[in-house]
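Below: the structure, in structure tokens.
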Amino acid sequence: DWLQLLAETGLAIFSLVVMGWVVFFSVLTRQWSRRQQGFARGLALGGIAALSAGVFHALMEFPFHIPAISLGFAGIAALTYSAAHYHHQGMEFFSYRTLKLSGNHRAPAALLVLAMMGLQLAFGVRVCYNWIAEQSAPTEINSTRIPPKLAAEDFRQALRYNPINSKYYLGLAETSAGGASAGGVASGAENYLKSAIFYAPANWGYRLKMAEFYLGRYQDAPERYIPSALKELAAAVYLFPESGLLHFRLASVLAWTEKYYQGLIPAALRDGQSIHFTEAIRLEPRLKKYLQGVQTKSN
């Protein structure tokens, strides 16, 4: 969760979240260390342990993607803070600071509450739209039903409700490109793949599909498709450098291009054939038995 927060929001927002957590936790533990009442110390210690466990769990997993865990964590944080400030000395009270609004501040407070409710309503509407889109073109794995056969219109319907789901664009590209060789259809499939990459730029699989799309049409315009295919393959390798198969695929296409279309290899990839073959075999030694066949064909 922490790494995904950093990747999705950037260093500035990540720093604010970390800073907020550090301030909250330091205030909480400092208040806990000052307490003498056994009930308050024990209850607050349990909450501190639970909060620490959640934060540690999020270092290696995605617990806070589950709404119940996120809400439970927020509830524990509030109860722990209250427990650390709880007093029972003749009367029950909490020693944390409170803000009492006078008549002059009630109107802005009401507007703030309405604004927060509006944001929550907008979020709810967005969730409903996403649910409707997923009903039109299911893309998530559901083990309780047989995967439906989807047509291009199903993905178009889904995009009307959720236009930023990369899987819908991928589905459109696959249904548009299937069995059609017309230039307009090929161009449409290419644009859909580009949209899928735009909304999921870290998905190496989309880069690989785009590369295979270009390689499948290289005869129509070698000068356009072959360099683009090599660039997409290189991007897939960059995003997933631990895959020996991707290194092998890139090296194989480089070997083929060097024999038949040597002038079309991008400058950044020239002389990279042996490097990627070596890396492929290092990562997956079983690929070594295929190397001689590839080199024989290229020669």
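Please get the size of the charge dipole for region 212-299, origin at its Cα centre, with Cβ charges of +1 on Lys and Arg and -1 on Asp and Glu, quoted in debye to the nearest 20.
Numbers: 11 positive and 9 negative charges, 54 e Å.
It comes to approximately 260 debye.
Along Cα→Cβ, 7 Å out, is where each label goes; now give me the distance between the ones at residue 275 and residue 223 in nm to one decimal.
2.7
Find how much the distance from residue 112 to residue 96 grows on full extension, using 0.36 nm per residue of separation minus their present alpha carbon separation; answer in nm with one decimal. If you can, show how the numbers build up before the last one.
Numbers: separation 16, 0.36 × 16 = 5.76 nm, distance 2.25 nm.
Net length gain for the segment: 3.5 nm.
Percent of accessible area on the chain owned by carbon and sulfur, 1.4 Å probe? List each step's numbers first, then the result.
Details: 12210 of 19260 Å².
C and S fraction of accessible area: 63 percent.
Total Lys pairs in the chain closer than 13 Å by alpha-carbon, pairs eight or more apart in sequence or interchain only? Write out the running numbers ahead of the final one.
On the way: 167/194; 167/209; 194/209; 209/231; 259/297.
Lysine pair count for the chain: 5.
Go ahead and estimate [θ] at 222 nm for the chain from helices alone: -39,500 (n - 2.57) per DSSP H run with n ≥ 4, summed, over the residue count, rounded to 500. Could you put the intermediate results ahead of the total?
Working: 12 runs with 213 residues, N = 299.
It lands at -24000 deg cm²/dmol.
What ranking of 45, 121, 269, 283 comes out by heavy-atom accessible area, probe 1.4 Å, highest first? Provide the component values of the computation, followed by the final result.
Numbers: 45 85, 121 120, 269 25, 283 55 Å².
The ranking, largest first, comes out as 121, 45, 283, 269.
Given a 1.4 Å probe, how much area per residue of the chain is accessible, in Å²?
Heavy-atom SASA per residue in the chain reads 64 Å².
For residue 58, what is the net charge nearby, where nearby means another residue's Cβ is under 15 Å from its Cβ and Lys, Arg count +1, Asp, Glu -1?
On the way: positive: none; negative: 1, 8, 61.
Its environment carries a net charge of -3.
Before anything else, pin down the relative contact order of the chain: Cα pairs under 8 Å, at least 6 apart, normalised by residue count, whole percent. If you can, show how the numbers build up before the last one.
Numbers: 262 pairs, mean separation 24.9, N = 299.
With pairs under 8 Å counted, the relative contact order is 8 percent.
Report the extension gain between residue 127 and residue 37 in nm, rounded to one decimal, defined as 0.36 nm multiplied by the number of residues separating them, less their alpha carbon distance.
Working: separation 90, 0.36 × 90 = 32.40 nm, distance 4.52 nm.
The span from residue 127 to residue 37 would gain 27.9 nm if fully extended.
Can you tell me the dipole magnitude for the chain around its Cα centre, using point charges on the Cβ only (Lys, Arg +1; Asp, Glu -1), in Debye to the nearest 20?
Values: 27 positive and 19 negative charges, 107 e Å.
The calculation lands at about 520 debye.
Take each uninterrupted DSSP H stretch in the chain, measure its Cα extent along the helix axis, and return the ones at 27 Å or beyond whose mean Kyte-Doolittle hydropathy is at least -0.5. Show your work: numbers first, answer last.
Values: long enough: 2-34 (38 Å, 1.07); 38-57 (28 Å, 1.21); 103-136 (50 Å, 0.60).
Both cut-offs are met by 2-34, 38-57, 103-136.
To two decimal places, what compactness ratio does region 216-299 give when its Cα radius of gyration is scaled by 2.2 N^0.38 Å? Don't skip to the end; give the middle numbers.
On the way: Rg = 12.3 Å, N = 84, 2.2 N^0.38 = 11.8 Å.
Cα Rg divided by the expected 2.2 N^0.38 Å: 1.04.
Go ahead and run the numbers for FRET between residue 146 and residue 61, Cβ-Cβ distance against an R0 of 30 Å, rounding to 0.05. Before the final figure, lay out each step's value.
Numbers: r = 31 Å, r/R0 = 1.02.
It comes out at approximately 0.45.
For Rg and Dmax of the Cα atoms in Å, pick the label among (1) 28.1, 93; (2) 24.1, 78; (3) 19.7, 60 that corresponds to the value derived from the coordinates.
(1)
The values are calculated or read from the model by the stated rules, or taken from the named source; none is laboratory data. In this text the structure is predicted, and so the values were computed from the model without any measurement. With ideal geometry, Cβ positions are generated from the backbone for all residues, glycine too; neighbour counts draw on all protein chains shown. Surface accessibility is based on the protein's heavy atoms, side chains included, excluding ligands, DNA and RNA. Shrake-Rupley method; radii C 1.70, N 1.55, O 1.52, S 1.80 Å.
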